[in-house]
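J.: Can you read through this structure? Questions will come right after.
Readers should treat all values here as calculations from the given coordinates under stated rules, not as data from a laboratory. Not measured: the values here are computed from a predicted model. Backbone-built Cβ (ideal geometry, glycine too); neighbour counts: all protein chains shown.
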Amino acid sequence: MAKIVVTGATGTIGNAVCRHLLEQGDEPVALTRDTAAAVSRLPPGVQAHAWRQPLTEPAPAAVLDGAQAVIHLLGEPISQRWTPAVKQRIRDSRVRSTRMLVQAISELPDDRRPKVLVSQSATGYYGDRGAEELDERATPGEDFLAGVVREWEEEAARAEPYCRVALMRTGVVLSASGGALAKMLPFFRAGIGGPVAGGHQYVPWVHIDDVAGAMLHCMEDGAATGPVNLTAPEPVDNAHFSRALGRALHRPALLPVPAPALKLLYGEMSVIVTTGQRAVPKRLAELGFRFAHPQIAPALEEVLTQR
């Protein structure tokens with residue numbers, strides 16, 4: 001039984017990661033601001049320890065001491081209207097918390113440090129690239145999210161003198177319990193969903209079970225270093241995604257959603273649905289990871305049966 005420290009454990013991805021760790025016999029330990037709330041939201045068997053100020057205080061050394069790995073998932077939700085204050089929180093929650101985590105790892109004795117840091121990242125690293133196929137060698141974009149992800153990864157990479165580092169550039173996660181899909185479902189169930197902003201932008205989707213599975217695969221595989229695209233092997237454009245979701249719900253998905261309407265509703269944050277990345281998981285293929293849900297239609301069907 002290996003001790004695995006997880007930050008951001010109460011989020012959609014963190015919860016799934018903890019469940020997978022328990023299923024394979026490991027000992028997940030959550031670092032959280034609110035231990036009581038975390039215990040109520042996490043699966044039975046997950047320990048919770050306080051890290052009350054992750055932006056200004058190093059992670060608690062006593063919790064990291066002797067851990068086999070750290071899976072770092074902490075971050076302010078992206079899907080909210082981007083005021084200047086929200087944008088600062090989005091950046092700081094990722095960049096500064098990672099800096100504090102790496103500082104704590106660096107201060108542990110050599111024989112007590114975790115062997116690997118699996119650090120959350122995002123396909124937003126690439127910016128808006130149209131239909132260009134993007135593997136991990138692609139250059140970064142220049143928009144707000146690309147800048148945040150670039151800084152986020154740079155902070156995580158500072159742990160490389162102390163442990164192996166894998167940077168998981170995760171796409172749009174399909175989950176029954178939260179995330180982008182949960183926000184889309186009410187519109188599609190009402191029959192008013194459809195292609196967004198023309199539907200030509202790619203959706204780098206991935207099923208939640210594959211997110212957790214790939215993170216654990218990279219935790220265990222010593223060859224997993226540097227950036228890893230965590231997206232399904234068959235990315236689809238927004239129009240295809242919308243049709244597949246409509247069919248899974250037995251609802252029409254024909255009503256187009258114009259980009260100006262989204263800009264009016266969500267402001268600058270609308271770029272996360274009006275643009276996209278055709279990211280492909282080249283490194284995961286090289287590492288021998290097998291996706292449980294490689295195709296969009298059955299992946300959506302499976303997720304929707306969980307609701």
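J.: With axes computed from alpha carbons, what is the tilt in degrees of helix 84-107 against the longest principal axis of the chain, rounded to the nearest 10 within 0 to 90?
T.: Tilt of helix 84-107: around 30 degrees.
J.: Output needed: percent of Cα pairs per 10 Å distance bin for the stretch 1-104, bins running from 0 to the one holding the longest distance.
T.: Computed distribution, short to long bins: 16, 47, 30, 7, 0.
J.: Let me ask another. Per DSSP H run of n ≥ 4, the term is -39500 (n - 2.57); total these for the chain, divide by its residue number, and report the mean residue ellipticity at 222 nm rounded to 500 deg cm²/dmol.
T.: Details: 12 runs with 123 residues, N = 307.
It comes out at -12000 deg cm²/dmol, rounded to the nearest 500.
J.: Arrange the peptides 284-290, 235-241 so that the one whose residues have, on average, the most other Cβ atoms within 10 Å appears first.
T.: Details: 284-290: 15.3, 235-241: 20.9.
My ranking of the peptides, most packed first, is 235-241, 284-290.
J.: Multiply the residue gap between Gln88 and Arg112 by 0.36 nm, knock off their C-alpha separation, and tell me the result in nm, one decimal place.
T.: This chain segment gains 5.3 nm when fully extended.
J.: Label point 7 Å out from Lys282 along Cα-to-Cβ: which residues of the stretch 210-233 have amide N under 14 Å?
T.: The answer is 227-230, whose backbone nitrogens lie closer than 14 Å to the label point.
J.: Pairwise over distinct Cα atoms, reciprocal of the mean inverse distance: report the Kirkwood radius of the stretch 262-307 in Å, one decimal place. Kindly include the intermediate steps, with their values, before the conclusion.
T.: Values: mean 1/r = 0.0730 Å⁻¹.
13.7 Å is the Kirkwood radius here.
J.: Continuing with this model, one more query. Please sort by residue number the trypsin sites (Lys or Arg not before Pro) in the stretch 187-279 whose DSSP state is loop and whose Cβ has at most 13 other Cβ atoms within 10 Å. Write down the numbers at each step before the final one.
T.: Working: sites: Arg189, Arg243, Arg247, Lys263, Arg278; in loops: none.
Sites meeting the loop and neighbour criteria: none at all.
J.: If you don't mind, there's one more thing I want to ask. Under a 5 Å amide H to amide H cut-off, with H placed in plane at 1.01 Å, what residues pair with Lys115 once short-range neighbours are removed?
T.: Hits under the 5 Å cutoff: Ala69.
J.: With springs only between Cα atoms under 10 Å apart, run a GNM on the chain and tell me which of Gln68, Gln120, Gln24 wobbles the most.
T.: The residue that fluctuates most here is Gln24.
J.: Of all trypsin sites (Lys or Arg not before Pro) in the stretch 17-108, which ones are in loop regions per DSSP and have a Cβ with at most 16 other Cβ atoms within 10 Å?
T.: Answer in residue order: Arg33, Arg52, Arg81.
J.: Show me 107-115, 59-67 ranked by packing, highest mean number of other Cβ atoms within 10 Å first. Don't jump to the answer; show the numbers that get you there.
T.: Values: 107-115: 13.6, 59-67: 17.0.
Highest-to-lowest ranking by the protection proxy: 59-67, 107-115.
J.: Mind scanning Lys3/Lys115; Lys3/Lys282; Lys115/Lys282 and naming the pairs with a C-alpha gap bigger than 20 Å? Each step should come with its number before you reach the end.
T.: Values: Lys3/Lys115 11 Å; Lys3/Lys282 29 Å; Lys115/Lys282 24 Å.
Beyond 20 Å between Cα atoms: Lys3/Lys282; Lys115/Lys282.
J.: Within the stretch 3-19, find all residues whose amide N lies under 16 Å from a label point positioned 7 Å from the Cα of Val39 along Cα-to-beta-carbon.
T.: 10
J.: Same structure again: Taking the simple approach of a point 7 Å from Cα along Cα-to-Cβ for both Glu301 and Glu133, what is their distance in nm?
T.: Simple spin-label model gives 2.7 nm for this pair.
J.: Cα to Cα, under 18 Å, and not fewer than 8 places away if on the same chain: which lysines meet these conditions relative to Lys87?
T.: Answer for Lys87, where 18 Å is the Cα cut-off: Lys263, listed by chain and number.
J.: Sum up the charges of everything whose Cβ sits under 10 Å from the Cβ of Thr10, counting Lys and Arg as +1 and Asp and Glu as -1, but leave Thr10 out. The partial results should precede the final answer.
T.: Numbers: positive: Arg33, Arg41; negative: Asp34.
With Lys, Arg at +1 and Asp, Glu at -1, the net is +1.
J.: Same structure again: Across bins of 5 angstrom width beginning at 0, how are the C-alpha pair distances of the stretch 165-285 distributed, in whole percent?
T.: Histogramming the stretch 165-285 at 5 Å steps yields 2, 11, 19, 22, 19, 12, 8, 5, 2, 0 percent.
J.: Going toward the positive end of the dipole of the chain, with +1 on Lys and Arg Cβ and -1 on Asp and Glu Cβ, which of Gly199, Gly171, Phe291 do you reach last?
T.: Of the options given, the answer is Gly199.
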